[in-house]
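Participant: Please find one structure pasted underneath; my questions will follow.
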Amino acid sequence: MSSQVKLLGPAEIRDLAELLGVTPTKKLGQNFVIDANTVRRIVRVAGVEAGDSVVEIGPGLGSLTLGLLEAEASVVAVEIDGRLAEQLPMTVGVQADAPAAGRLTVMHQDALRVTELPGQPSRLVANLPYNISVPVLLHFLEHFASIRAGVVMVQSEVGQRVAAEPGSKVYGAPSVKAAWYGSWRTAGQVSRQVFWPVPNVDSILIAFQRHAAEPGDEALRRRTFEIVDAAFQQRRKMLRQSLSVLLGDSATASAVLTRAGVEPTSRGEQLAVADFIAIARAAQ
Ligand code: SAM
């Protein structure tokens, strides 16, 4: 049996924004979901179950937060905008019954700077602020090992890129870094019409499942990410060239690549995360 929760629709979103004097800003990526079906779809795709502990980045006016509470999850919501963070418990107090409202913790913070969360959230579910979607995703995966799976809504191109496989035209540094932490898939397009204001980009859901064990320790991760950044900064160049500055010179880069079992003339877009890890190990 789900909790007694009333989700927000277009009228409630408009009223709340008016009450708070909120004019959504592009800078904070404020496009609020006004459609309850979309909220339920995200919660369903995320596989949220009663008793789950979920962290939400950027709860905004509370559209998705209420959907998560309806599914009987506990929610930690991290919001940078003080007016929205302050209002959220009140909105939930009105829209949800007391047990559901009691499962919400709001943190008024910049999600990019959060290094501690109450409890041990096992899922990340969010409609991410688009301008920081990749950095904030990687930040959470890096700092919160308790997060085992999740679903986030991002700009379509970004989602395709994060979930891309080697060899794909959109495969890049975000794809490799995301693959360090887990496996990713796209999980459906979302219409622009479900947002207020209507954004000028398309949106997509992406889902991830964290690997059972991380491929290496923090030092190896940092070195691997440095190599990934260098490889994709000059994505058309052969790796022995693009890694030459980082590794010393082109002859050293060739030797490291050969030791790692990677062709020195190959390009970053052809390599899987395991290859980048092999290069990082060989560079030690
Ligand atoms: N979850 C809500 C929804 O679906 O309607 C709002 C999503 S809106 C795309 C993004 C939200 O992230 C906004 O509420 C914005 O204020 C918040 N935000 C932007 N930058 C943030 C940051 N660095 N840390 C935490 N929240 C942030």
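Participant: Which pairs turn up if I take residues in region 205-233 that are without any contact (Cβ under 8 Å) to a residue 12 or more places away in the chain and look for partners that are surrounded by 15 or more Cβ atoms within 10 Å (Cβ to Cβ) with beta carbon separation below 8 Å, at least 6 apart in sequence or on another chain?
Facilitator: Gln233/Ser242
Participant: Tell me yes or no: at least one residue of region 211-218 is touching a strand residue (DSSP E or B) at 6+ places or on another chain (Cβ under 9 Å), at negative phi and modelled with pLDDT of 95 or more. Step through it out loud before you land on a result.
Facilitator: Applying the first criterion (touching a strand residue (DSSP E or B) at 6+ places or on another chain (Cβ under 9 Å)) to region 211-218 yields 211.
Of the ones still in play, those that are also at negative phi are 211.
Still in the list and also modelled with pLDDT of 95 or more: 211.
Yes, region 211-218 contains a residue that is touching a strand residue (DSSP E or B) at 6+ places or on another chain (Cβ under 9 Å), at negative phi and modelled with pLDDT of 95 or more.
Participant: Quick check on Ala251: is it open to solvent by 60 Å² or more (accessible area, probe 1.4 Å), assigned to a helix (DSSP H, G or I) and either modelled with pLDDT of 95 or more or within 23 Å of Glu218 (Cα to Cα) (or both)? Working first, answer last.
Facilitator: On the way: open to solvent by 60 Å² or more (accessible area, probe 1.4 Å): yes; assigned to a helix (DSSP H, G or I): yes; either modelled with pLDDT of 95 or more or within 23 Å of Glu218 (Cα to Cα) (or both): yes.
It is true that Ala251 is open to solvent by 60 Å² or more (accessible area, probe 1.4 Å), assigned to a helix (DSSP H, G or I) and either modelled with pLDDT of 95 or more or within 23 Å of Glu218 (Cα to Cα) (or both).
Participant: Can you find, within region 67-111, the residue that is nearest to the chain's Cα centre (by Cα) among those that are surrounded by fewer than 23 Cβ atoms within 10 Å (Cβ to Cβ), acidic (Asp, Glu) and within 16 Å of the ligand (Cβ to nearest atom)?
Facilitator: By that ranking, first place goes to Asp110.
Participant: Still on this structure: Restrict the check to region 248-255 and report whether at least one residue is out of contact with any Gly (no Cβ under 6 Å at 6 or more places or on another chain), farther than 22 Å from Ala164 by Cα, free of Cβ contacts under 8 Å to residues at least 24 places away in the same chain and of a type in the set (Val, Ile, Thr). Quick ask: steps written out before the conclusion?
Facilitator: Of region 248-255, the ones out of contact with any Gly (no Cβ under 6 Å at 6 or more places or on another chain) are 248-255.
Pick out the ones that are also farther than 22 Å from Ala164 by Cα and you get 248-255.
So of that shortlist, the ones also free of Cβ contacts under 8 Å to residues at least 24 places away in the same chain come out as 248-255.
Keeping just the survivors that are of a type in the set (Val, Ile, Thr) gives 252.
Yes, region 248-255 contains at least one residue that is out of contact with any Gly (no Cβ under 6 Å at 6 or more places or on another chain), farther than 22 Å from Ala164 by Cα, free of Cβ contacts under 8 Å to residues at least 24 places away in the same chain and of a type in the set (Val, Ile, Thr).
Participant: Still on this structure: Which residues, counting only those in region 254-284, are open to solvent by 20 Å² or more (accessible area, probe 1.4 Å) and assigned to a helix (DSSP H, G or I)?
Facilitator: Scanning region 254-284 gives Ser254, Ala255, Thr258, Arg259, Glu269, Gln270, Val273, Ala274, Asp275, Ala278, Arg281.
Participant: If you check Ala255, Ala251, Ala274, which single one turns out to be of a type in the set (Gly, Ala, Ser) and within 25 Å of Glu142 (Cβ to Cβ)? Talk me through it step by step, then tell me what you get.
Facilitator: Numbers: Ala255 fails: within 25 Å of Glu142 (Cβ to Cβ); Ala251 fails: within 25 Å of Glu142 (Cβ to Cβ).
Answer to the check: Ala274.
Participant: Kindly indicate the residue of region 26-66 that is within 12 Å of the ligand (Cβ to nearest atom) and of a type in the set (Asp, Glu) and also most open to solvent (accessible area, probe 1.4 Å) among those meeting that condition.
Facilitator: Step by step, filter region 26-66, then rank; the result is Asp35.
Participant: Another one. Of the residues that make up region 19-32, is at least one touching a strand residue (DSSP E or B) at 6+ places or on another chain (Cβ under 8 Å) and either in a helix (DSSP H, G or I) or at positive phi (or both)?
Facilitator: Taking region 19-32 first, the residues touching a strand residue (DSSP E or B) at 6+ places or on another chain (Cβ under 8 Å) are 24, 31-32.
Checking the rest, the ones that are also either in a helix (DSSP H, G or I) or at positive phi (or both) come to none.
Within region 19-32, none of the residues are touching a strand residue (DSSP E or B) at 6+ places or on another chain (Cβ under 8 Å) and either in a helix (DSSP H, G or I) or at positive phi (or both).
Participant: Tally up the residues in region 7-25 that are out of contact with any helix residue (DSSP H, G or I) (no Cβ under 9 Å at 6 or more places or on another chain), more than 17 Å from Glu86 (Cβ to Cβ) and open to solvent by less than 20 Å² (accessible area, probe 1.4 Å), please.
Facilitator: 0
The values are calculated or read from the model by the stated rules, or taken from the named source; none is laboratory data. None of the values given here were measured: they were computed from a predicted structure. Glycine gets a Cβ as well: all are built from the backbone with ideal geometry, and neighbour counts include every protein chain shown. Protein only, heavy atoms only, side chains kept; ligands, DNA and RNA dropped before computing areas. Shrake-Rupley method; radii C 1.70, N 1.55, O 1.52, S 1.80 Å.
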